[in-house]
Amino acid sequence: MKLPTLREVGTEARLLLIGIPVFIWTMVPIYHMFLFAISPKEDAFSGKLWPTHPTLHNFHIVFYQEHYFLRDFWIQFWNSLVIAVSAGALTLIIATAAAFSISRLRVPGGRTVMNMALFTYFIPAAFLAVPMYRTMGTYGLLNNHWSLILAMVTIASPYAIWVLKQASDKLPVELDEAATMDGATTLQLFRLVYVPLMMPSLVAVGTYALLLAWNEYLYAFLLLSKDTDITLPVALGNFLAADDSPWELLMTTGFIYALPPAAIYYAFKRYMVGGLTAGAVKS
């Protein structure tokens, strides 16, 4: 058995010295959120590392909507889910078609359009919030889920197109030529050759767009106002409107809301790493 060299041991030690503090720094807020969630109201700010009387009563209150701020919890959770899935699906459709057109069909001006779209990321998303609000108001989409869905698609699409285009460039052009010689139409080439080979990148981009919409607050706050239309992140902000905010319920709701994206990430993490880095290194 070959023993590790001193250099390899040193590299591992440096990685651990960096990784352990970063891991602790990341997990401490999550631990405190969970700590609040299992603490009774009177023990929420006790400062203890573990509550004296841990309880799941806060989860019962949230699930059964037994508090004024939680009266529409399931409706708002459903709103978040519908908007996130719709934004992810639309972004995926647009980005896939655009990347295919630019990379495989070599549409004239396609790369220029892609670069111009990427240029919009030089403008902070917060600066675009008011123009986006005005645009949605002009088209009568305020207080409509489509306003937030379209806003999220607008923000996510440039990056999604760029990632898929880079991944598409790595596919051998001989595949397209062989399919064309066999009589495949452009649509068949897209459906039977391009999409299956791009699946890891498609999953990664779809997950990225879904999580972006799932966690959005600013645009959701501006574009939606009815309690039965808003998403859960906006509803969580309403907890802070009270003089005596129920922090234990706020943290419990936040903890529950954080579980779906964590599950999605761990389910597709191998696609996320491989898909988002596809095309990053030219061969």
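Pulled fully out, how much extra length does the chain show between residue 123 and residue 228, if you take 0.36 nm times their separation in residues and subtract their Cα-Cα distance?
Details: separation 105, 0.36 × 105 = 37.80 nm, distance 3.16 nm.
This chain segment gains 34.6 nm when fully extended.
Between the Cα long axis of helix 247-277 and the first principal axis of the chain there is an angle of about 20°, rounded to the nearest 10. Measuring r between the beta carbons of residue 71 and residue 7 and using R0 = 45 Å, the FRET efficiency lands at 0.15.
Specify the longest stretch of the chain that does not include any exposed loop site, a site being one of the chymotrypsin sites (Phe, Trp or Tyr not before Pro) with a non-H, G, I, E, B DSSP assignment and at most 15 other Cβ atoms within 10 Å.
Longest gap between qualifying sites, sites excluded: 140-216.
The angle between the Cα long axis of helix 129-138 and the longest principal axis of the Cα atoms of the chain comes to about 80 degrees, rounded to the nearest 10.
Computed over the Cα atoms of the stretch 6-54, the ratio of the radius of gyration to the Kirkwood radius (Rg/Rh) comes to 1.30.
For the stretch 152-169 versus the stretch 100-146, the spacing of their alpha-carbon centroids is 11 Å.
Relative to the dominant Cα principal axis of the chain, helix 199-214 is inclined by about 40°. Rounded to 0.05, the FRET efficiency of the residue 49 and residue 106 pair, given R0 = 41 Å and the Cβ-Cβ distance, is 0.10.
Please work out how much length the chain gains when fully extended from residue 115 to residue 97, using 0.36 nm per residue of separation minus the C-alpha to C-alpha distance, in nm with one decimal.
On the way: separation 18, 0.36 × 18 = 6.48 nm, distance 1.62 nm.
Computed gain between residue 115 and residue 97 is 4.9 nm.
The phi torsions of the stretch 52-58, fed into the Karplus equation with coefficients 6.51, -1.76 and 1.60 and a -60° offset, translate into couplings of 5, 10, x, 8, 9, 4, 4 Hz, rounded to whole numbers, with Gly and Pro shown as x. Using a Debye calculation, one point per C-alpha and no hydration shell, please list log10 I(q)/I(0) for the chain at q = 0.09, 0.13 Å⁻¹ in order. Each listed q maps to, in turn, -0.60, -1.03.
Compute the separation of the alpha-carbon centres of the stretch 229-260 and the stretch 13-76 and state it in Å as a whole number. The distance from the Cα centre of the stretch 229-260 to that of the stretch 13-76 comes to 12 Å.
Each reported figure results from applying straightforward, stated rules to the coordinates on display, with no laboratory input. Computed from a predicted structure; not experimentally measured. As a convention, Cβ positions derive from the backbone with ideal geometry for all residues, glycine included, and neighbour counts pool all protein chains shown.
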